[in-house]
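Read the figures in this text as sums done on the coordinates, not as results from a lab. Treat the numbers as computed from the prediction; the structure is a model and nothing was measured. Counting neighbours? That spans all protein chains shown, and the Cβs are built from the backbone with ideal geometry, glycine included.
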Amino acid sequence: MGAVSFPGVQRPSSAIGLGCMRIRELDDDAMRGWYAAARDVGIDFFDHAAVYGSRPHECETRFGDALHLTASQREEITLQTKCGTVAEGPYLDFSYDHIVSSVEGSLRALRTDYLDILLLHRPDALVEPDEVARAFDDLAAAGKVLAFGVSNHTPRQMDLLATAVDQPIVANQLQLSLGHAPAVAQGFAMNIEGSEQALVADGGGVLDYCRTKGIAVQAWAPFQAGRSRGVFLGSSDFPVLNAAIDELAHIHEVPPAAIAAAWILRHPAAAQVLLGSTNPARIAEAARCAEVTLARPEWYGLLHAAGYRARPGPPPSSARSR
């Protein structure tokens with residue numbers, strides 16, 4: 001499996017990571033089986049958030065309590081968590097006090113002395129970059145956080161943070177998949193009259209911005225078609241896209257999930273795919289993306305099958321049945 005290095009983090013991490021939002025559904029034995037299945041296929045990156053669960057730090061606590069990692073086992077993995085989303089609000093809070101208290105809660109819940117990476121979870125419109133900078137400085141100086149990043153941030157929001165924050169932003173976690181690829185597709189539609197694809201609604205140019213700044217893109221929901229349309233992989237609602245995926249899966253002799261993940265990782269900005277699955281079999285299938293490097297015609301063919309176009313002209317057949 002490919003690897004990605006984050007400035008400040010002591011060891012490279014796997015290009016496939018596991019999101020931990022759903023692990024509260026697992027009992028301790030299932031949790032240990034899920035973790036072992038991930039480690040068996042080379043996955044060593046685990047993504048949390050303080051807000052995951054029905055109460056603050058619930059999923060982090062389940063992870064820490066069920067696994068009881070030894071010091072040596074802890075050193076073999078990368079733990080990332082996110083702060084800033086306040087479930088009780090709901091609102092966002094990037095204040096110094098909230099960031100620091102959230103990290104302290106995450107450390108206790110995960111049973112660890114340090115976090116490899118801390119992300120700011122969704123943009124806070126009331127952010128004061130000086131407060132973020134002070135929190136990051138204190139957490140880094142105390143050895144409690146090794147590296148920092150953001151989630152779901154636009155280029156301008158990252159520029160705003162950079163006016164005060166000295167630490168490099170090492171990652172931006174974005175929703176990206178064949179079923180939800182506006183961050184890719186908008187770049188093709190610049191100045192194309194009448195193209196909905198040209199509308200910039202989620203931070204135009206964010207992938208190119210991350211490339212120029214050395215910020216690793218972490219793709220969440222890799223098998224979903226947006227938040228309201230569900231999973232596209234294997235769904236009868238997306239016949240054209242699934243036919244194209246299945247054809248390449250047959251050619252490369254890998255499961256369809258591996259093709260969907262390989263499409264993301266073929267983009268130069270995409271450093272990681274974060275799986276939300278708790279199914280060991282699905283995790284193993286997706287991890288086989290390491291066996292595939294899509295050729296340009298294959299990559300663009302999937303983009304077209306998803307309903308996007310890469311140049312002016314009639315749009316390709318929609319990936320979703322009408």
>> Once R0 is set to 30 Å, what does the formula 1/(1 + (r/R0)^6) return for the Cβ-Cβ distance between Arg39 and Asp138, expressed as a FRET efficiency to the nearest 0.05?
In response: 0.35
> If we sort 4-11, 265-272 on the protection proxy, mean other Cβ atoms within 10 Å, highest first, what's the order?
Replying inline: 265-272, 4-11
> Considering amide H positions built from the backbone, and no H for Pro or chain starts, which residues 5 or more places from Gly42, or on another chain, come under 5 Å of its amide H?
Replying inline: none
>> Spelling out what I want: for every residue of the stretch 71-87, take phi, set θ = phi - 60°, compute 6.51 cos²θ - 1.76 cosθ + 1.60 (Karplus), and round to whole Hz; glycine and proline get x.
In response: 4, 5, 5, 4, 5, 7, 10, 10, 9, 10, 9, 10, 9, x, 8, 9, 5
> Using modelled backbone amide H atoms (1.01 Å from N, in-plane), which distant-in-sequence or interchain residues come within less than 5 Å of Gln224's amide H?
Replying inline: Phe232
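Find me the longest stretch of the chain that has none of the exposed GluC sites (Glu not before Pro), where exposed means in a DSSP loop (not H, G, I, E or B) with at most 16 other Cβ atoms within 10 Å. All intermediate terms of the calculation are to be shown ahead of the outcome.
Working: sites that count: Glu76, Glu88, Glu193, Glu253.
Result for the longest clean stretch: 89-192.
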> Based on the alpha-carbon gyration tensor of the chain and its eigenvalue square roots a ≥ b ≥ c, which shape applies: rounded if a/c is under 1.5, prolate if not and a/b is larger than b/c, or oblate?
Replying inline: oblate
> What are the residues whose amide H is under 5 Å from the amide H of Ser151, where those residues sit 5 or more places off or on another chain and H is modelled from the backbone?
Replying inline: Leu120, Arg122, Gln173
> Calculated from DSSP H runs of 4 or more alone, at -39500 (n - 2.57) each and per residue, what is the 222 nm mean residue ellipticity of the chain, nearest 500?
Replying inline: -11000 deg cm²/dmol
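Name the shape class, rounded, prolate or oblate, that the alpha-carbon gyration tensor gives for the stretch 111-178, where a ≥ b ≥ c are the square roots of its eigenvalues, rounded holds for a/c under 1.5, and otherwise prolate holds if a/b is larger than b/c and oblate otherwise.
Values: a/c = 2.18, a/b = 1.23, b/c = 1.78.
It is oblate, given that a/c is not under 1.5 and a/b is not larger than b/c.
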> In the neighborhood of Thr293, defined by Cβ-to-Cβ distances under 15 Å, what is the net charge if each Lys or Arg adds +1 and each Asp or Glu adds -1?
Replying inline: 0
